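The values are calculated or read from the model by the stated rules, or taken from the named source; none is laboratory data. Just so you know, these numbers come straight off a predicted model, no measurement behind them. For neighbour counting, all protein chains shown are included, and Cβ atoms are generated from backbone atoms with ideal geometry for every residue, glycine included. The accessibility values were calculated without ligands, DNA or RNA, using every heavy atom of the protein model including side chains. Shrake-Rupley method; radii C 1.70, N 1.55, O 1.52, S 1.80 Å.
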Amino acid sequence: MTLILSQSAYQELVYESEENQLTPDSADGFDITYQYPVKLGNGYIRCINVRAGLDLDIANYQLDDEIITRSSDREHLVEYTFELSGLKAGTYGFFGSGLAPEGSLEHSPVQPISWVSVHIEPELFCQWFGYKGELSANLQPLIRKSDQKYYERYGK
């Protein structure tokens with residue numbers, strides 16, 4: 001069976017349901033592990049707020065059925081994602097800030113899925129990699145306005 005969900009409905013199932021949230025790994029709430037919803041499969045997604053503007057997400061789950069998530073246009077942060085296991089194992093995605101256009105993603109139940117993702121606010125990215133507020137020419141395409149399509153690159 002294939003389950004088709006909007007991205008917001010998927011996120012609500014995974015992150016916002018009280019029953020899915022486990023006790024934070026630290027008392028400050030900066031490191032929270034979410035139990036993957038039993039309606040979708042089993043496993044977890046761990047969200048670590050490393051500092052303001054920098055988040056690390058680690059996931060390991062097995063789906064019961066194929067899931068297709070559909071998203072609408074949305075603002076995107078700078079992101080680097082590594083696929084550790086699953087059908088896309090050994091691949092990465094690197095994305096700049098800007099507009100992520102509507103689209104859909106297919107998630108397969110064939111193999112367990114593991115990934116690590118780093119999200120960086122554009123302002124923090126510029127502070128780290130800029131010189132006196134200016135990014136070098138080769139990094140400028142990574143920071144775009146919210147009405148400009150974001151930079152994306154995939155590889156192995």
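The table below lists the values:
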| item | result |
| --- | --- |
| Tally, over region 94-111, of residues that are part of a loop (DSSP other than H, G, I, E, B) and touching a Leu at 6+ places or on another chain (Cβ under 9 Å) | 6 |
| Qualifying residue in region 17-30 (condition: among the hydrophobic types (A, V, I, L, M, F, W, C) and at pLDDT 90 or above) | no |
| Selection count where residues are modelled with pLDDT of 95 or more, surrounded by fewer than 18 Cβ atoms within 10 Å (Cβ to Cβ) and either more than 23 Å from Met1 (Cα to Cα) or of a type in the set (Lys, Arg) (or both), scope region 53-76 | 6 |
| Failed item, numbered, when His107 is tested on (1) more than 29 Å from Trp128 (Cα to Cα); (2) surrounded by fewer than 14 Cβ atoms within 10 Å (Cβ to Cβ); (3) touching a residue at least 40 places away in the same chain (Cβ under 8 Å) | (2) |
| Sole exception among (1) in contact with a Phe, Trp or Tyr (Cβ under 9 Å, 6 or more places away or on another chain); (2) within 26 Å of Ile32 (Cβ to Cβ) for Gly96, by number | (2) |
| Flag for Pro122 being touching a residue at least 60 places away in the same chain (Cβ under 8 Å), open to solvent by less than 50 Å² (accessible area, probe 1.4 Å) and touching a strand residue (DSSP E or B) at 6+ places or on another chain (Cβ under 9 Å) | no |
| Failed item, numbered, when Tyr131 is tested on (1) surrounded by 14 or more Cβ atoms within 10 Å (Cβ to Cβ); (2) over 18 Å from the mean Cα position of the chain (by Cα) | (1) |
| Hits in region 77-101 (condition: closer than 15 Å to Pro122 by Cα, under 13 Å from the mean Cα position of the chain (by Cα) and either charged (D, E, K, R) or open to solvent by 30 Å² or more (accessible area, probe 1.4 Å) (or both)) | Leu77, Glu79, Tyr80, Phe94 |
| Residues of region 126-156 that turn out to be touching a Leu at 6+ places or on another chain (Cβ under 7 Å) and not in a strand (DSSP E or B), as a count | 8 |
